Amino acid sequence: MRHRRKSRKPLVITLISILVILVLCVVFFFPLNNALRNITGNDTASDKVVKSELVKKVKSKKTGDPTKDEKIDRAASVLDKKKMSEIMASAKNQQKAATMIESSSSLSKEQSQKAAQEVFTNSDYNSLRSAISNGNWYQAYQQYQKLSDNGDITQLQQTINK
């Protein structure tokens, strides 16, 4: 009696199909996420995760000084309530960015305008603004890390406080 060998072809086709689907999901994740946000007008699940991480990052700056910590809590609260579509729009428009900075931080109107002007005129921030305006949160995080590591964020803080 001969044993029939089962064909591995269906298994290989299934594995390749699953792999292709996963690759497509990764490649098209941000466009699909942005489309869902545009259709519903609300934040998507990934937007909420990103926003939650941003709020944690802001709250991690607490110093123990009640006055400063109150400002940090206020900024975190405002950021948490903003829709990602508003944040994305502010990355495309300097005046919207200045208004958002003013409303979500303890900076004055002049300081907010100065910060927005620096972010929009300094080419070092172009990649970050582009990533935010496109809703590509992973790339935005990478750009933020790059700007933090090379001292541009510290330089921006110093420019604002002059």
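Within region 104-135, can you find the residues that are of a type outside the set (S, T, N, Q), assigned to a helix (DSSP H, G or I), touching a helix residue (DSSP H, G or I) at 6+ places or on another chain (Cβ under 6 Å) and surrounded by 14 or more Cβ atoms within 10 Å (Cβ to Cβ)? Scanning region 104-135 gives Lys114, Ala115, Ala116, Glu118, Val119, Phe120, Asp124, Tyr125, Leu128, Ala131, Ile132. If I filter region 101-122 for residues that are among the hydroxyl-bearing types (Ser, Thr, Tyr) and within 25 Å of Phe29 (Cβ to Cβ), do I get at least one hit? No; the residues of region 101-122 include none that is among the hydroxyl-bearing types (Ser, Thr, Tyr) and within 25 Å of Phe29 (Cβ to Cβ).
How many residues, within region 93-128, are hydrophobic (A, V, I, L, M, F, W, C) and touching a residue at least 40 places away in the same chain (Cβ under 8 Å)? Residues in region 93-128 being hydrophobic (A, V, I, L, M, F, W, C) and touching a residue at least 40 places away in the same chain (Cβ under 8 Å): 2 in total. Beta carbons closer than 6 Å, at least 6 apart along the sequence or on distinct chains, pair a first residue in region 146-159 that is among the charged types (D, E, K, R) with a second that is surrounded by 14 or more Cβ atoms within 10 Å (Cβ to Cβ) and part of a helix (DSSP H, G or I) for Asp152/Asp124.
Residues considered: Met84, Met100. Of these, the only one that is within 12 Å of the chain's Cα centre (by Cα) and of a type in the set (A, V, I, L, M) is Met84.
Is region 34-45 home to any residue that is in contact with a Ser or Thr (Cβ under 9 Å, 6 or more places away or on another chain), over 20 Å from Ile160 (Cα atoms) and among the charged types (D, E, K, R)? Scanning region 34-45, I find at least one residue that is in contact with a Ser or Thr (Cβ under 9 Å, 6 or more places away or on another chain), over 20 Å from Ile160 (Cα atoms) and among the charged types (D, E, K, R), so the answer is yes. Cβ-Cβ distances below 6 Å connect the following pairs, each with a first residue in region 73-92 that is more than 18 Å from Asn42 (Cβ to Cβ) and without any contact (Cβ under 8 Å) to a residue 60 or more places away in the chain, a second residue that is assigned to a loop (DSSP other than H, G, I, E, B) and among the hydroxyl-bearing types (Ser, Thr, Tyr), and a separation of six or more residues or different chains: Ala75/Ser105.
Throughout, read-outs are computed from the coordinates displayed, never taken from laboratory work. Remember, predicted model here, so these are calculated numbers, not experimental data. So basically every Cβ, Gly included, is an ideal-geometry build from the backbone, and we count neighbours across all protein chains shown.
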